[in-house]
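Single-structure report; data block below.
The values are calculated or read from the model by the stated rules, or taken from the named source; none is laboratory data. What you are looking at is a predicted structure, and each value in this text was computed from that prediction instead of being measured. All Cβ positions, glycine included, derive from the backbone under ideal geometry; neighbour counts span all protein chains shown.
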Amino acid sequence: MTIAALLWDFGDTLVDERWMLRPPADFANWPAVWSEVVTERAHDWNIGHLTEADIFSDLATRTGMERVAIERHAAACCRSIQFHTAAWRAVTERRLPQALVTVNPDLFVERVARPYALAEHFDAVIVSCIEGTDDKNELCLIALDRLGFAGPRSEGLLVDNRDDLTQAWIRVGGSAYHFQSDERFEIDWPRMLGSAP
């Protein structure tokens, strides 16, 4: 298998995606309420039909916290993201043209992508809320187009922690690696690009 372009997922692939679950000192039930709100509203938020202002207002209603306190807490959570060592090292090697392909809302764009300067490490950053779709295959195709990739889809490798998404990409002709742990990835990574230029 020849790989000519890399398509990287973000949450639970490059980083521990639980960064927003850290509770503030005065509201221990934050993880449950955050998860509830996101579960109910994720689709509309991830495709740009809602903004973080909408989500923060909902959280304020459900938690009784001041909206400004929620915004401060969200900012603090986003500053505490833990990157997976081996996966992030692979990204920074930039061995091939590569894109970040992620289903995420405007909070990710403003509070993660910009502060962590993700655009410096990828040739394209594809975020669902900007593209207006949370279909991962569609986002991968957009990524390949932005990379100027004209080869067969099978040479575009999606690295993603969700097996359903890697299988979906394979079904439309792509190649994929199901990321299960950073330790496993570190072992598998050198073999994955063994035939890459």
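Could you check how many residues of segment 1-51 are closer than 19 Å to ASP134 by Cα and part of a loop (DSSP other than H, G, I, E, B)?
So the count comes out to 10.
Could you figure out which of (1) assigned to a loop (DSSP other than H, G, I, E, B); (2) free of Cβ contacts under 8 Å to residues at least 40 places away in the same chain isn't true of MET65?
Of the numbered conditions (1) assigned to a loop (DSSP other than H, G, I, E, B); (2) free of Cβ contacts under 8 Å to residues at least 40 places away in the same chain, the odd one out for MET65 is (2).
Can you tell me which of (1) assigned by TED's automatic domain parsing to the domain that holds ASP134; (2) more than 14 Å from PHE10 (Cα to Cα) is the one PRO105 doesn't meet?
(2)
Against the condition surrounded by fewer than 17 Cβ atoms within 10 Å (Cβ to Cβ), not aliphatic (A, V, I, L, M) and not assigned by TED's automatic domain parsing to the domain that holds THR39, how does GLY156 come out, does it pass?
On the way: surrounded by fewer than 17 Cβ atoms within 10 Å (Cβ to Cβ): no; not aliphatic (A, V, I, L, M): yes; not assigned by TED's automatic domain parsing to the domain that holds THR39: yes.
Spelling it out, it is not the case that GLY156 is surrounded by fewer than 17 Cβ atoms within 10 Å (Cβ to Cβ), not aliphatic (A, V, I, L, M) and not assigned by TED's automatic domain parsing to the domain that holds THR39.
May I ask you to list the residues in segment 2-36 that are over 16 Å from the mean Cα position of the chain (by Cα) and either closer than 15 Å to SER181 by Cβ or among the β-branched types (Val, Ile, Thr) (or both)?
THR2, ILE3, VAL33
Among the numbered conditions (1) surrounded by 20 or more Cβ atoms within 10 Å (Cβ to Cβ); (2) farther than 18 Å from ILE3 by Cβ, tell me where PHE83 comes up short.
(1)
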